[in-house]
1. Taking DSSP loops as anything outside H, G, I, E and B, show the longest stretch in the chain free of chymotrypsin sites (Phe, Trp or Tyr not before Pro) there with at most 16 other beta carbons within 10 Å.
2. Based only on other Cβ atoms within 10 Å, what is the fewest-to-most ordering of Asp251, Asp275?
3. In nanometres, what is the gap between the two model label sites at Lys96 and Glu161, each 7 Å from Cα along Cα-to-Cβ?
4. At what distance in angstrom do the alpha carbon centres of the range 192-211 and the range 226-298 lie from each other?
5. Give the order of Glu267, Glu30 when sorted by the count of other beta carbons within 10 angstrom, beginning with the fewest.
6. Please list, by residue number, every one of the trypsin sites (Lys or Arg not before Pro) in the range 159-206 that is coil in DSSP and has at most 13 other beta-carbon atoms within 10 Å.
7. Between (1) 20.5, 64; (2) 19.9, 59; (3) 25.0, 80, which entry matches Rg and Dmax of the Cα atoms in Å as derived from the coordinates of this structure?
8. Place +1 on the Cβ of every Lys and Arg and -1 on the Cβ of every Asp and Glu in the chain, take the dipole about the Cα centre, and give the residue among Gly192, Cys235, Met1 whose Cα lies farthest towards its positive end.
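Nothing in this text is a laboratory measurement; each read-out follows from the coordinates by a stated rule. The structure presented is a predicted model; accordingly, all values stated were derived computationally and were not measured. All Cβ positions, even for glycine, are placed from backbone atoms using ideal geometry, and neighbour counts span all protein chains on display.
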Amino acid sequence: MDCKERIRKTIKHEQPDRVPVFLGRVDDLEYWTKSFGVKDEEELREFFGLDLRKVKYSGIFDIEEGKSIWGTADLWDAGYGSVRGGFVLADARTVKDVEKHSWPESGLVDYEELKKRVLLIDNKYPKILTLGFIPVLDTLFDLFGMENAMVHMHESPELIEAALAHIESFQIESMKKAMGTCAGETEYYWCGDDFSTQRGIMISPEAWRRFLKPVYKKMFALIKSFGLQVWFHSCGAFRPVMKDLIDMGMDVWETVQAHLEGNDPGELKKEFGKDITFFGAINCQKVLPFGTPQDVRKEVRERIQILGKGGGYICGPDHSIQKNMPAENLFALYDEARKCLG
């Protein structure tokens, strides 16, 4: 069974020949390439036998040194589009203040370059299209500041709604152009938002449904209109709104942190296993950095036995891999997973 068929069967909740494996974000790439004696990230992915490839495109974050696409300052050089200060709407008090901001337009993206990146991926792999991590709630935090954004949701919701209109417009228009330019080349579209901590959602489910859900709903519908499947990243614990995401069309949930309250693998599989495919579930906080290779192999077998039964599970770390993890543990993860049928 080739990679494409393996992933398709898995997402259709049919039993593949083995559980597919994937790896999301790689931190400290030089450490990992040296550890495994490979020259670059693609060789690393081949070494692990990964079944998918996600397009590598970060040009959207390179428009001006020290700035994000939203015009917010990255004062601490945090990278990856993260913002640690410079909240440009911190003093906004009216909708007019919000509208005066210089909002990004979809023309920032080089769509032909994006397509070139897609075509560089070997056709034997299923391809995941993405413009990178362009969140909704996190962007509100970057613009207003976290505390301000949360207060505005209760006291000045019109400010949040005004900002969301621009965030949504950028999302929809850039996604539409990306999927149109790359039509026929990919099967999945990756998007996401981090709206939860490891203990629960950062805002109430009611606020989530009022402010965030309408944007996700339009994004998911657009992805479906191009015949692609929705690969949605959101870490943390958000069980109260899981059904909302499924009803809107989420196909793959990245990334399952199975050690969190509300994310018990057995409960998740029983309640949502017929509706979505789970990705992740191998603990990056304890087992991978501090366990033995035997501990890792044991967790891999346990996760596959539960989440992989009847398809619907892609095995991998439950977050970024970092150099605090012994190389032998990461090897054990993929070596063991490739042996398991689910």
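1. Between the exposed loop sites, the longest stretch runs 81-342.
2. Fewest to most other Cβ atoms nearby, the residues stand as Asp275, Asp251.
3. Label at Lys96, label at Glu161, 1.9 nm between them.
4. Here the answer is 16 Å between Cα centres.
5. Ordered by Cβ neighbours within 10 Å, fewest first: Glu30, Glu267.
6. Listed in order of number, the matching sites are Arg199.
7. Here Rg and Dmax of the Cα atoms in Å agrees with entry (2).
8. Highest projection toward the positive end goes to Met1.
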